[in-house]
Amino acid sequence: MTDALDRLDAEIAGCRRCPRLVAWREQVAATKRAAFRDEEYWGRPVPGFGAHDARIGILGLAPAAHGGNRTGRIFTGDRSGDVLFAAMHRAGLANQPTSTSRDDGLAITATRIFAAVRCAPPDNKPTPAERDTCAPYLHRELALIRPDLRVVIALGGFAWAAFWPALRAVYGVAPARKVPFGHGTLWQADGAPALLGCYHVSQQNTFTGRLTPGMLDEVFTRAKALAGIG
């Protein structure tokens with residue numbers, strides 16, 4: 001399984017299926033932000049990161065233009081990641097509270113992080129068609145970590161919506177009716193990981209207080225309980 005997941009990660013990193021996203025991610029990588037002008041940007045799709053036998057999955061929207069698209073690791077090098085990894089560290093799921101580069105020594109425990117769309121989108125807004133084009137990667141990744149996965153935290157409504165097709169494709173289950181996204185909303189069914197909603201760790205949510213550190217800690221406490229992690 002480890003080799004298969006590594007091969008999938010390599011395949012994702014070489015994807016060029018969405019012309020708009022390819023053009024944008026490469027434009028950002030070429031022009032750069034002034035603060036990172038001396039760095040070489042990744043400028044490609046960003047694979048998942050974390051344990052191959054993860055019990056907790058964290059599903060985000062897409063890499064940030066000057067975060068994952070720069071560093072090559074999801075949530076690494078941006079302020080959303082600062083919030084996420086700090087919370088994971090408090091929960092005992094990360095060995096350090098920050099992540100700035102792929103070689104910064106970060107290790108996460110029993111957790112894998114991935115995105116509904118693997119390329120940085122303009123204005124941080126992928127289209128439904130781009131989400132659907134990228135969906136098979138999510139489905140294949142979930143299938144490879146399926147034996148151990150117990151809960152997926154969906155960061156925001158976009159990730160929440162992206163997970164329902166994955167449930168049908170990978171686990172053969174679906175809710176009887178639409179389940180709207182909400183912070184703290186939990187959906188469970190036999191034979192599939194639980195789905196737990198959480199406001200996205202974006203600056204818009206954290207700077208305004210819509211998502212507080214305490215709220216995020218509660219989500220991780222609940223996720224660990226669902227995953228059977230003491």
**Prompt:** In this structure, is D132 acidic (D, E), without any contact (Cβ under 8 Å) to a residue 40 or more places away in the chain and not in a helix (DSSP H, G or I)?
**Reply:** no
**Request:** Kindly establish whether L226 is in a helix (DSSP H, G or I) and not acidic (D, E).
**Result:** yes
**Asked** When only residues in region 140-151 that are over 15 Å from the mean Cα position of the chain (by Cα) and part of a helix (DSSP H, G or I) count, which is surrounded by the fewest Cβ atoms within 10 Å (Cβ to Cβ)?
**Response** A143
**Prompt:** What residue, among those in region 157-180 that are hydrophobic (A, V, I, L, M, F, W, C) and in a loop (DSSP other than H, G, I, E, B), is surrounded by the most Cβ atoms within 10 Å (Cβ to Cβ)?
**Reply:** V179
**Request:** Scan region 203-230 for residues that are surrounded by 17 or more Cβ atoms within 10 Å (Cβ to Cβ) and farther than 19 Å from G81 by Cα and report the count.
**Result:** 5
**Asked** Taking into account only those residues within region 105-129 that are under 13 Å from the mean Cα position of the chain (by Cα) and either charged (D, E, K, R) or in a strand (DSSP E or B) (or both), which is surrounded by the most Cβ atoms within 10 Å (Cβ to Cβ)?
**Response** A115
**Request:** Among the numbered conditions (1) farther than 30 Å from G230 by Cβ; (2) polar (S, T, N, Q); (3) in contact with a strand residue (DSSP E or B) (Cβ under 9 Å, 6 or more places away or on another chain), tell me where T31 comes up short.
**Result:** (3)
**Asked** Any chance region 84-100 includes a residue that's within 25 Å of D132 (Cα to Cα), out of contact with any strand residue (DSSP E or B) (no Cβ under 6 Å at 6 or more places or on another chain) and at pLDDT 95 or above?
**Response** no
**Message:** Take the conditions farther than 22 Å from G77 by Cβ, outside any loop (DSSP other than H, G, I, E, B), in contact with a helix residue (DSSP H, G or I) (Cβ under 8 Å, 6 or more places away or on another chain) and in contact (Cβ under 8 Å) with a residue 60 or more places away in the chain and apply them to A154. Does it pass?
**Reply:** yes
**Asked** In region 181-202, is there at least one residue being in contact with a helix residue (DSSP H, G or I) (Cβ under 7 Å, 6 or more places away or on another chain), in a helix (DSSP H, G or I), of a type outside the set (F, W, Y) and surrounded by fewer than 23 Cβ atoms within 10 Å (Cβ to Cβ)?
**Response** no
**Item:** Check on T221, of a type in the set (V, I, T), under 22 Å from A64 (Cα atoms) and part of a helix (DSSP H, G or I)
**Value:** no
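The values are calculated or read from the model by the stated rules, or taken from the named source; none is laboratory data. Remember, predicted model here, so these are calculated numbers, not experimental data. Using ideal geometry, Cβ is built from the backbone for each residue, glycine included, and neighbour counts are taken over all protein chains shown.
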